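Engineer: The structure follows.
The values are calculated or read from the model by the stated rules, or taken from the named source; none is laboratory data. Computed from a prediction, not measured in an experiment: that's the story for all the values here. Cβ coordinates were reconstructed from backbone atoms using ideal geometry, including for glycine residues, and neighbour counts include every protein chain displayed. All accessible areas refer to the heavy atoms of the entire protein, side chains included, with ligands and DNA or RNA removed. Shrake-Rupley method; radii C 1.70, N 1.55, O 1.52, S 1.80 Å.
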Amino acid sequence: MGDTPTSTGSPLLSLPGAVAAEAPDEGVAAHYGDLFREQRALAAGDGFVDLSHRGIVTITGDDRLSWLHLLLTQHVEQLQPGVATESLILSANGHIEHALYLVDDGTTTWAHVEPGTAGDLIAYLESMKFFYRVEVTDRTEEYAVVHLPAGSIAPVPADAAVRETAYGRDVFLPRTELKSFAAEAGPPAGVLAYEALRVEAHRPRLGRETDHRTIPHEVGWIGSAVHLQKGCYRGQETVARVHNLGKPPRRLVFLHLDGSEVTLPGHGAPIRLAADGEEGRQLGFVTTSARHHELGPIALALVKRNVPADAQLLAEGTPAAQEIVVEP
């Protein structure tokens, strides 16, 4: 039998110590028995993370980059082969609907997206094809993405599409090659380790740091995923207006959580001012929390713009000190 997707998830869940992750990352390993060891390995440039639960979408055709340039928030019309970028698709009101992590190999644009979102993304892209010479394909059943941390010397197949960023490389592999790749890529690390390092780096994730009304300014996606000097995309008016006024309604913050608490506040846990106690007015919510191998319990949270930058907070009753990610 090949290493194709099954109802039980990734074939790498058969590796020693693998413990299956929960939503939204079900289908891959949360960890392989030692969360902090896995984090330390990734931070040192060793090992890999199985992200084969993510959706894979490809766009081919002579018009692919000029067409995507009209739809995406990022400037991709002249995207060079092998250059990684990330971009968003917004609603007409400027709210984030999709996040795409892109690379073009010279003939095909590859993107990985959040689990379960490829279908809706493709439906939107298909509705916008018109007369353009493009083909949009869901490759999730055939291909998987594996993350190698920055500094990794793990071998990568010469014909693989690779997104190389400051945080490492995302490698698009045929699913049939997952096990053979894993055998040479070093120790496996689960998505909990990957998420802890993402939180430490203040990097937003669709569906965690966003809800149905999030705009790019609130979570720090201006610059990395939104190009402010390009036009011609849905939601551009909101982006320009908020950028010129400088007043997004909410802002992303990084939290150092009280390490004496046994449990972490979950996604959606209310944020309040510590001075007001647990009965105070809710001012935001936790988006992602994690246990970090050096920093201890940490989190990202989305709070109202007018929350004082030096205020001590409560995250579902857990004392939390904030660091600014998005300026008030």
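Engineer: If you check every pair at least six apart or on different chains, which have Cβ atoms under 7 Å apart with a residue in the range 230-249 that is under 15 Å from L68 (Cα atoms) first and a residue that is assigned to a helix (DSSP H, G or I) and open to solvent by 60 Å² or more (accessible area, probe 1.4 Å) second?
Structural biologist: Between residues of the range 230-249 that are under 15 Å from L68 (Cα atoms) and residues that are assigned to a helix (DSSP H, G or I) and open to solvent by 60 Å² or more (accessible area, probe 1.4 Å), the close pairs are C232/L70; Y233/L70.
Engineer: Could you list, in sequence order, the residues of the range 152-165 that are touching a strand residue (DSSP E or B) at 6+ places or on another chain (Cβ under 9 Å) and either assigned to a strand (DSSP E or B) or in contact (Cβ under 8 Å) with a residue 60 or more places away in the chain (or both)?
Structural biologist: Of everything in the range 152-165, those that are touching a strand residue (DSSP E or B) at 6+ places or on another chain (Cβ under 9 Å) and either assigned to a strand (DSSP E or B) or in contact (Cβ under 8 Å) with a residue 60 or more places away in the chain (or both) turn out to be S152, A154, A161, V162, R163, E164, T165.
Engineer: Turning to a different aspect of this structure: Go through the range 57-151 and tell me which strands (runs of 3 or more DSSP E), entirely inside it, have 2 or more residues that are at pLDDT 95 or above, open to solvent by 50 Å² or more (accessible area, probe 1.4 Å) and more than 19 Å from P24 (Cβ to Cβ).
Structural biologist: Once the strands (runs of 3 or more DSSP E) in the range 57-151 are filtered for at least 2 residues that are at pLDDT 95 or above, open to solvent by 50 Å² or more (accessible area, probe 1.4 Å) and more than 19 Å from P24 (Cβ to Cβ), what remains is 135-138.
Engineer: Further, regarding this structure: Check D211, D258 and return the single one that is more than 15 Å from the chain's Cα centre (by Cα), charged (D, E, K, R) and open to solvent by 20 Å² or more (accessible area, probe 1.4 Å).
Structural biologist: Matching residue, one of D211, D258: D258.
Engineer: Return the total of residues in the range 213-227 being touching a residue at least 12 places away in the same chain (Cβ under 8 Å), outside any helix (DSSP H, G or I) and of a type outside the set (A, V, I, L, M, F, W, C).
Structural biologist: So the count comes out to 5.
Engineer: Next question, about the same structure. Any residue at all in the range 248-262 that's among the hydroxyl-bearing types (S, T, Y) and either more than 26 Å from L125 (Cα to Cα) or at pLDDT below 95 (or both)?
Structural biologist: Scanning the range 248-262 turns up at least one residue that is among the hydroxyl-bearing types (S, T, Y) and either more than 26 Å from L125 (Cα to Cα) or at pLDDT below 95 (or both).
Engineer: Does E209 satisfy the condition of being at pLDDT 95 or above, part of a helix (DSSP H, G or I) and of a type in the set (D, E)?
Structural biologist: So E209 fails the test.
Engineer: Within the set of pairs 6 or more residues apart or between chains, which connect a residue that is assigned by the TED database to the domain that holds V103 inside the range 75-88 to a residue that is modelled with pLDDT under 95 and open to solvent by less than 30 Å² (accessible area, probe 1.4 Å) with Cβ atoms less than 8 Å apart?
Structural biologist: H75/K230
Engineer: Looking at (1) in contact with a Pro (Cβ under 8 Å, 6 or more places away or on another chain); (2) surrounded by fewer than 21 Cβ atoms within 10 Å (Cβ to Cβ); (3) in contact (Cβ under 8 Å) with a residue 40 or more places away in the chain, find the lone condition where H53 falls short.
Structural biologist: (2)
Engineer: Can you pull out the strands (runs of 3 or more DSSP E) entirely within the range 233-326 that have at least 3 residues that are over 20 Å from P204 (Cα atoms) and not assigned by the TED database to the domain that holds S91?
Structural biologist: It comes to 312-315.
Engineer: List every residue pair whose Cβ atoms lie under 6 Å apart, where the two residues are 6 or more positions apart in sequence or sit on different chains, the first residue falls within the range 199-212 and is in contact (Cβ under 8 Å) with a residue 12 or more places away in the chain, and the second residue, located anywhere, is among the acidic types (D, E).
Structural biologist: L206/E114; G207/E114
Engineer: Go through the range 288-304 and count every residue that is surrounded by 15 or more Cβ atoms within 10 Å (Cβ to Cβ) and in contact with a Lys or Arg (Cβ under 9 Å, 6 or more places away or on another chain).
Structural biologist: 8
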